[in-house]
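One structure is given below, encoded as structure tokens.
Every read-out reported here was derived from the displayed coordinates using simple, explicitly stated rules and does not represent laboratory data. No experiment lies behind these values; they were computed from the predicted model shown. Here the Cβ positions follow ideal geometry from the backbone for every residue, glycine too, while neighbour counts run over all protein chains shown.
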Amino acid sequence: MKVAVITGAAQGIGRRTAEVLAAAGYAVALIDLQSSAAALVAVQTLGAEAEAFTGDISDEAFVTATAAAVIARWGRVDVLVNNAGISCISPAESTSAALYRRVLEVNLVAPFLLAKAFGATMLEQRSGSIVNIASIAGLVGIGDRSAYNASKHGLIGLTRTMAAEWGGFGVRSNAVCPGWVKTEMDVADQAGGGYTDADITDRIPMGRFASPDDIAQAILFLAEPAHSGFINGQAIPVDGGWTSDGSWQSLRLRKR
Ligand SMILES: NC(=O)c1ccc[n+]([C@@H]2O[C@H](COP(=O)([O-])OP(=O)(O)OC[C@H]3O[C@@H](n4cnc5c(N)ncnc54)[C@H](O)[C@@H]3O)[C@@H](O)[C@H]2O)c1
């Protein structure tokens, strides 16, 4: 039995990832602040063993108790997907220290707590794959996102450090860096007036948003030792070419 833990599994990228890993034969532990009931039914319908845990991943006591419950039930953990995260679109000059700290707590400190809690068992097993969901905002600067971008840059730094520290024990750490994905997060950010669909699709060589499935398939690849067993410490953009494209706008749009 292979066991995967996915945070932020109630919706969006996390929910799709749970479904993809369930279909690939994993038992799945679904962690979210809100109820994962619908995602739980979806993965069980796919034939997977599954359990949902509801709580805040920035709360160390909740993380420790959840890891203990997962290990008590299945006795091992093969994959940790640190996916839960919060968006924050706010000009730097008007971002409060409290808001900045909250974004770091959820997007950067919590993945560290989860890596520690589940990593203990992975180290004993001398195997495991940690997949951190960063962003292209972890690779380049994007205006009005000081807290979010710092958290995602930090998450890539954590990924590289864990790869260096735990690679010798057979525990791999990698990051997936999505471009813009059509999820509830995008709906909320657009509703706040942050940007439009065209702002994004015009900027991407492939001319479309990512789907949650685009991201989930990259996560499955990094989860599976058979496919990515010697990939460790990498931050892989899944962005339709965004971060590789230095073209000016009219040149890019001429190629459609
Ligand atoms: N949507 C995008 O365009 C995009 C782009 C790049 C990176 N990402 C990253 O991908 C990840 C998933 O994004 P999404 O678009 O699916 O987001 P989403 O907002 O649709 O879903 C995130 C889930 O995480 C949960 N969550 C939030 N805070 C939590 C906490 N403290 N404890 C437990 N659960 C918590 C939410 O309840 C929600 O179910 C995030 O880390 C996000 O930063 C998203």
So if we plug the beta-carbon distance of Ile231 and Ala97 into 1/(1 + (r/R0)^6) with R0 = 45 Å, what FRET efficiency do we get, rounded to 0.05?
0.75
Part-to-part distance (alpha-carbon centres) for region 164-239 and region 1-15, which is given in Å
14
Percent of all alpha-carbon pairs of region 114-256 at distances over 27 Å, whole number, is 28
Once you have all Cα-Cα distances for region 1-41, histogram them in 5 Å bins from zero and send the whole-percent values.
6, 29, 39, 19, 6, 1
Hey, what does the equivalent ellipsoid look like for the chain, semi-axes from the Cα gyration tensor as sqrt of 5 times each eigenvalue, largest first, whole Å?
29, 20, 18
Which lysines have a Cα less than 16 Å from the Cα of Lys152, not counting those fewer than 8 places away in the same chain?
none
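Taking only the Cα atoms of region 55-176, how large is their convex hull per residue, in Å³? Present the calculation step by step, with values, prior to reporting the outcome.
Values: hull volume 10.8 nm³, N = 122.
Per-residue hull volume (Cα only) is 89 Å³.
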Just to be sure I understand the rule: take each whole DSSP H helix in the chain, project its Cα atoms onto its long axis, keep it if the span is 15 Å or more and its mean Kyte-Doolittle hydropathy is at least -0.5. Which ones pass?
12-23, 60-74, 110-125, 146-166, 212-223
So how far, in whole Å, is the C-alpha centre of region 32-88 from the one of region 110-141?
14
For region 1-101, the Rg and Dmax computed from alpha carbons only, in angstrom:
15.0, 50
Cβ-based charge dipole, the chain, positive-most Cα from Ala235, Phe62, Leu123
Ala235
Paramagnetic reach from Ala65 in region 10-50 [backbone N under 20 Å; point 7 Å along Cα→Cβ]
10, 29-37
